[in-house]
Amino acid sequence: MIPPGSTIGILGGGQLGRMLALAAANMGYRVHILAPEDELPAGDVAAEVTRADYTDRAALRSFAASVDVATFEFENIEVEAVRYLSELVEVQPPARALEIAQDRLAEKRFVSGLGGRVAPFHAVDSLDDLHAAVAAIGGPVVLKTRRMGYDGKGQARIMQPADCAAAWEAIGRQPAIAEAFVSFEVEFSLILARAASGETVIYDTPRNRHDDGVLAESLIPAGPLIETQRAEATVLAKSVADELDYVGVLTLEFFACADGPVFNEMAPRVHNSGHWTIEGTRASQFENHIRAVCGLPLGSTALTAPRVRMRNLLGDAVHDWQALLADNQAHLHLYGKSEIKPGRKMGHVTWL
Ligand code: AMP
């Protein structure tokens, strides 16, 4: 057990790190952030900050010496850096979870190997591969880069074989995965926290609405279709977590289809679709991640209200902050980012 008063290292300095650091501080921990960017939403609320590349071994060595345990909040950290850090200090979740989640092909193979339902998919390393994949799938296809894609970036839609060349160019001719286009009713996520003992708690499954590939809103209750698919999604998420000997918060995203939940992707970390848990549950995803990583008993995921709604403040929507402060039902969170860009996650608001 890492007791309160200890220091938790976090690789990554965005809003997820910020909310993890706030939860850690509430429980009496100090946080040390390591990240390369100049502006660090997490650094503003942490006891210590190291500005360094994740691959800077000297920086990782002194970071490791200054923390009692470490975790990460960003998915595209070089796995070698996390493995190196793991030799110096305990790091949770395990590096293998990060390695699988970073590669859409490895992720789909891993999850379908555990019995998860996934859209038919094919590895694509060339335009020829893509033509073959589109012919095999035989309908609309989504082409995604294997690595570094997020919020709908690094993706192209293929409606007919003639679109292949343009799609291959659009994603920058990189190793990719071609997936059948899933016709789904709604999207949802399954968020769990797992302790080293194997004890697992599951949050209510929010219905998620995306705009242009970016999460716009999460809603509880999620509605009857998702609620009937929750049990199957939970079995899969638990087997993913058990297989990885996972410690911390893990998120799986699903499409709710007529014949059951179709796994889309996983994140080995706290997730935007779980921000509503800060006010909407007894112990938020951030608190439970800190509890799990520090070996404390997990907290209750029970709802604090029958209905919860989280809306992201993307880009210019952050200008609504004054009106939101005037709304007594709204819990406003701003991330302290100075530059407003279209679609950038500037903050969020939760209504109970
Ligand atoms: P991703 O980056 O994989 O989470 O994709 C971003 C969003 O694009 C998803 O939340 C879906 O709304 C949509 N999307 C991704 N893959 C597919 C697919 N195979 N079929 C239909 N829609 C998809």
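The values are calculated or read from the model by the stated rules, or taken from the named source; none is laboratory data. Source: prediction; values computed, not measured. Methodologically, a virtual Cβ is constructed for each residue, glycine included, from the backbone with ideal geometry; neighbour enumeration extends over all protein chains shown. Keep in mind that these areas ignore ligands, DNA and RNA; they rest on the heavy atoms of the full protein, side chains included. Shrake-Rupley method; radii C 1.70, N 1.55, O 1.52, S 1.80 Å.
Listing for the model above:
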read-out: Enumerated strands (runs of 3 or more DSSP E) restricted to the stretch 17-76, each holding at least 1 residues that are open to solvent by less than 10 Å² (accessible area, probe 1.4 Å) and either among the aliphatic types (A, V, I, L, M) or closer than 18 Å to Glu90 by Cβ (or both); value: 30-35, 69-72
read-out: The stretch 284-302: number of residues that are crowded, with 16+ Cβ neighbours inside 10 Å and either touching a helix residue (DSSP H, G or I) at 6+ places or on another chain (Cβ under 8 Å) or farther than 22 Å from Thr205 by Cα (or both); value: 13
read-out: Matching residues in the stretch 322-342 - criterion: being in contact with a Phe, Trp or Tyr (Cβ under 9 Å, 6 or more places away or on another chain) and at pLDDT below 95; value: Gln329
read-out: All positions within the stretch 89-114 that are within 16 Å of the ligand (Cβ to nearest atom) and among the small types (Gly, Ala, Ser); value: Ala101, Ala106, Ser112
read-out: Output for the stretch 124-144, where each listed residue is surrounded by 15 or more Cβ atoms within 10 Å (Cβ to Cβ) and either at positive phi or within 14 Å of the ligand (Cβ to nearest atom) (or both); value: Val124, Ala133, Val134, Ile137, Pro140, Val141, Val142, Leu143, Lys144
read-out: Qualifying helices (runs of 4 or more DSSP H) (wholly inside the stretch 256-352; at least 2 residues being more than 19 Å from Ile10 (Cβ to Cβ)); value: 277-280, 321-325
read-out: Check on Ser284, away from the ligand (no atom under 16 Å from the Cβ) and small (Gly, Ala, Ser); value: yes
read-out: Count of residues meeting criterion [of a type in the set (Gly, Ala, Ser) and either without any contact (Cβ under 8 Å) to a residue 24 or more places away in the chain or open to solvent by 50 Å² or more (accessible area, probe 1.4 Å) (or both)] in the stretch 303-337; value: 3
read-out: Flag for Arg173 being of a type outside the set (A, V, I, L, M, F, W, C), surrounded by fewer than 18 Cβ atoms within 10 Å (Cβ to Cβ) and within 24 Å of Asp211 (Cβ to Cβ); value: no
read-out: Candidates Arg96, Arg104, Arg83, filtered to the one that is surrounded by 15 or more Cβ atoms within 10 Å (Cβ to Cβ), among the basic types (Lys, Arg) and touching a helix residue (DSSP H, G or I) at 6+ places or on another chain (Cβ under 6 Å); value: Arg83
read-out: Residue in the stretch 115-123 that is small (Gly, Ala, Ser), part of a helix (DSSP H, G or I) and more than 12 Å from the ligand (Cβ to nearest atom) present; value: no
read-out: Selection within the stretch 215-247 - in contact with a Phe, Trp or Tyr (Cβ under 9 Å, 6 or more places away or on another chain) and assigned to a strand (DSSP E or B); value: Ser218, Leu219, Ile220
read-out: Number of the exception - Leu192 against (1) buried (at least 20 other Cβ atoms within 10 Å of the Cβ); (2) out of contact with any Asp or Glu (no Cβ under 7 Å at 6 or more places or on another chain); (3) not assigned by TED's automatic domain parsing to the domain that holds Cys257; value: (3)
read-out: Selection status of Met1, of a type in the set (A, V, I, L, M, F, W, C) and assigned to a helix (DSSP H, G or I); value: no
